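Heads up, the thing below is written out as C-alpha cells.
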Amino acid sequence: MGWLYLVLAGLCEIFYAAAMPRTDGFTKLWPSLFCALFIGLSMYLLSLATRSIPVGTAYAVWVGIGAIGTAIYGMTVLGEDRSLLRMLCFGLILAGIVGLKLVSQDRPQ
C-alpha cells in the first residue's frame with residue numbers, strides 16, 4: 001500500500017504545482033483553496049507512504065513524480081521547452097525513481 005500512497009501523493013503534488021501560478025501569490029481565493037487542499041492531501045499521503053517506505057526513498061520518489069508530472073503539464077499545456085537535452089534530464093530523474101523502487105526494501109508494518 002505504501003507505493004500506492006506514494007504515487008497518489010505525487011499526483012496530488014502535480015495538481016498543486018499546476019494550480020500554484022493561478023493563485024497569484026495566494027491572493028485569489030478559489031485557486032488558493034484548491035492548491036492548499038492538494039498540498040495537504042499530498043503531505044498526508046506521503047506520511048502514509050513513509051509508514052512502510054524509508055523516508056529518504058519516499059521523499060525522492062515523491063519529488064521526482066511531481067517534477068516529471070509538472071514538467072509534462074508545462075510542456076503539453078503551457079507550451080514549455082521540449083528540447084532533447086531537457087527531455088534527457090527528465091529521463092534521468094525517471095531512471096532514478098525506477099532505480100529507487102527496484103532497490104527499495106519496504107519496512108515491515
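If the chain linking L92 and L37 were pulled fully straight, counting 0.36 nm for each residue of separation and taking away their Cα-Cα distance, it would gain 16.8 nm. Give me the one-decimal nm value for the distance between modelled label points at L4 and Q105, 7 Å along each residue's Cα-to-Cβ direction. Going from the L4 label point to the Q105 one covers 2.5 nm. By the count of neighbouring beta-carbon atoms within 10 Å, fewest first, E13, E80 end up ordered E80, E13. Over the range 2-103, Cα pairs under 8 Å with separation of 6+ residues give a relative contact order of 33 percent.
Between K28 and Y59, the simple label model (points 7 Å from Cα in the Cβ direction) yields a spacing of 3.2 nm.
Packing-wise, with mean Cβ within 10 Å as the measure, how do 63-70, 32-39 rank, highest first?
On the way: 63-70: 18.5, 32-39: 16.9.
Highest mean packing first, the order is 63-70, 32-39.
Shown is the FRET efficiency for M75 and R51, computed with R0 = 41 Å from the Cβ-Cβ distance and rounded to the nearest 0.05: 0.75.
In which sequence would V77, V98, V61 go, from the one with the fewest C-beta neighbours within 10 Å to the one with the most? Don't jump to the answer; show the numbers that get you there.
Details: V77 9, V98 12, V61 24.
Going from sparsest to densest Cβ surroundings: V77, V98, V61.
Magnitude of the Cβ-charge dipole of the chain, K/R +1 and D/E -1, about the Cα centre, nearest 20 debye?
The calculation lands at about 120 debye.
Other residues lying with their Cβ under 12 Å from the Cβ of P31 contribute a combined charge of +1, Lys and Arg counting +1, Asp and Glu -1. In the list (1) 59, 33, 22; (2) 41, 28, 20; (3) 43, 36, 16, the label attached to Cα extents along the principal axes in Å as derived from the coordinates here is (3).
FYI, it's all coordinate maths here, none of it is from the lab. Just so it is clear, the structure is predicted and the values come from calculations on it, not from any experiment. Note: ideal-geometry Cβ built from the backbone for every residue, glycine included; neighbour counts use all protein chains shown.
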